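The values are calculated or read from the model by the stated rules, or taken from the named source; none is laboratory data. No experiment lies behind these values; they were computed from the predicted model shown. Ideal geometry is used to build each Cβ from the backbone, glycine not excepted, and the neighbour counts take in all protein chains shown.
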Amino acid sequence: MKLGYTILYVADVRASVQFYEQAFGLTLKFMDESASFAELDTGSTSLAFCSRALLQQLGKTPAAPQLKAPCFEIALVTEDVPAAMARAVGAGAQALQEPQRMEWGQTVAYVADPEGFTVELCTPMG
């Protein structure tokens, strides 16, 4: 098996796609006609967005993320974490942690997207 995509449940798919395009330079791979589902190209996988309204129509009860109590994060790998963080904050992300060099050698920073999802910006491992 391989990971195909991760789906974030959001209030506004179109706004989330626009933010991720501006903040992280990702490109649109697919968006349905109703803008209830979209995928961004991230390389070998996709980052997808589905509207919470669509999920409610399907009988599910999705919750909005809680910035103070995150249950997961997505990580975007880059060679230049400080520049990536500056770009993200300039596009509307909230800075959560400035870039830090970790004991295992990786540089890591954290931002929150406008929906409240935690995004790790990090250098490649190894």
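Quick check: is even one residue across segment 117-125 of a type outside the set (A, V, I, L, M, F, W, C) and assigned to a loop (DSSP other than H, G, I, E, B)?
Narrowing segment 117-125 to residues of a type outside the set (A, V, I, L, M, F, W, C): 118, 120, 123-124.
So of that shortlist, the ones also assigned to a loop (DSSP other than H, G, I, E, B) come out as 123-124.
Yes, there is a match, as at least one residue in segment 117-125 is of a type outside the set (A, V, I, L, M, F, W, C) and assigned to a loop (DSSP other than H, G, I, E, B).
Restricting attention to segment 27-60, report how many residues are of a type in the set (Val, Ile, Thr) and touching a residue at least 24 places away in the same chain (Cβ under 8 Å).
Just the residues of segment 27-60 that are of a type in the set (Val, Ile, Thr), to begin with: 27, 42, 45.
The next check asks that each one be touching a residue at least 24 places away in the same chain (Cβ under 8 Å); those that pass are 42, 45.
Total satisfying the criteria: 2.
Scan segment 14-58 residue by residue and report those that are of a type outside the set (A, V, I, L, M, F, W, C), outside any helix (DSSP H, G or I) and either farther than 14 Å from Leu76 by Cβ or in the same structural domain as Ala83 (by TED's automatic domain parsing) (or both). Outline the logic, then answer.
First, pick out the residues of segment 14-58 that are of a type outside the set (A, V, I, L, M, F, W, C): 14, 16, 18, 20-22, 25, 27, 29, 32-34, 36, 39, 41-46, 51-52, 56-57.
Those left that are additionally outside any helix (DSSP H, G or I): 25, 27, 29, 32-34, 36, 39, 41-46, 51.
Result: Lys29, Asp32, Glu33, Ser34, Ser36, Glu39, Ser51.
Looking at (1) more than 13 Å from the chain's Cα centre (by Cα); (2) assigned to a strand (DSSP E or B), which is the one condition that is false for Pro62?
Answer for Pro62: the failing condition is (2).
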